[in-house]
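This report refers to the structure that appears directly beneath it.
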Amino acid sequence: MITTNAEARRPRTASREVRRRQLIEATIACIARHGLSGTTMAQVTGLADLSMGLVSFHFQSKENLLQETLIHLAEEHRTRWVQSLADSALDPAAKLAAVIDAHFHPSICNEEKIPVWFAFFGETRYRDLYRDKIAQFDGERTKIVEELCQELAAIGNLVIDPHMVAQNLESLADGLWLSIMLYPRELNRLAAKQQVASYLNAVFPRHFDPWPGEWDETEPAQPCGDAI
């Protein structure tokens, strides 16, 4: 059997999940650089430093690899916000802040992954795939956000439409992702969280400050000319 240089450099004991992950991460990077139509299997395997045969073994085709890449992104996002709610000691406001924070976590909201999301959304067949296999994640998250909004409204004796607020938050997050992708030197992810905090302060003034101090990390939150 002939062994390629790529195979020789890779340990042969890597698990199936490790190989799949390597190929999916390379696919994400290639789509971010070249778009869906410009991404080739040669680019993916070259970046992953794996053989073409491993793509066929794990995914059978480029189309399957692309589909699994979209599903991976969605599952990664879901895992992030589900884990953020795992602390039972969080009150409803902290839980809502945690869900929003997950939208803009650096592992989710970054210059590589956001363009890939929109690349998929621009293709009809992948929008169909999203609605068929992934939209349930959005519905699950929106339902939780709606319930949290209802709890906060009851605590604050507010007359609001929790469903509408939850929908507004989803739309705001989507729009901010798009703005971050299009105008990375004018809007970074912490500035985006500040905009969400401002909206939450308008709806729930007792529970949210207009400046999300508790979300601050190490980078400035105002638009500063930096990329994502």
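Annotations
- Take every Cα pair under 8 Å whose residues are at least 6 apart in sequence, average their separation, divide by the length of segment 89-224, and the relative contact order is 26 percent.
- Farthest toward positive dipole pole in the chain [+1 Lys/Arg, -1 Asp/Glu at C-beta], among T69, L47, F121: L47
- Rounded, prolate or oblate (a/c below 1.5 giving rounded, otherwise prolate when a/b exceeds b/c) for segment 30-95 by Cα gyration tensor: prolate
- Whether segment 24-67 is rounded, prolate or oblate, judged on the alpha carbon gyration tensor where a/c under 1.5 counts as rounded: oblate
- Over the chain, the hull volume per residue, using the convex hull of the C-alpha atoms, is 142 Å³.
- Relative contact order of the chain, pairs being alpha-carbon contacts under 8 Å that are 6 or more residues apart, as %: 17 percent
- Residue (of N201, A32, Q83) at the positive-pole extreme of the chain, dipole from beta-carbon charges: A32
- Helix 189-203 vs. the chain, principal-axis angle (Cα, 0 to 90°, nearest 10): 30 degrees
- With q set to 0.15, 0.21, 0.23, 0.29 Å⁻¹, the log10 of I(q)/I(0) for segment 104-161, from the Debye formula over equal scatterers at the Cα positions, is -0.67, -0.88, -0.93, -1.08.
- Of all lysines in the structure, the ones whose alpha carbon falls short of 30 Å from that of K62, not counting any fewer than 8 places away in one chain, are K113, K133.
- Only Lys, Arg (+1) and Asp, Glu (-1) charged, at Cβ; the chain dipole about Cα centre in debye: 960 debye
- Here the sum of -39500 (n - 2.57) over DSSP H runs of 4 or more residues, divided by the residues of the chain, equals -21500 deg cm²/dmol at 222 nm, to the nearest 500.
- Share of carbon and sulfur in the accessible heavy-atom surface of the chain [1.4 Å probe, %]: 51 percent
The values are calculated or read from the model by the stated rules, or taken from the named source; none is laboratory data. Computed from a predicted structure; not experimentally measured. Cβ coordinates were reconstructed from backbone atoms using ideal geometry, including for glycine residues, and neighbour counts include every protein chain displayed. In case anyone asks, the SASA skips ligands and DNA or RNA and just uses the protein heavy atoms, side chains included. Shrake-Rupley method; radii C 1.70, N 1.55, O 1.52, S 1.80 Å.
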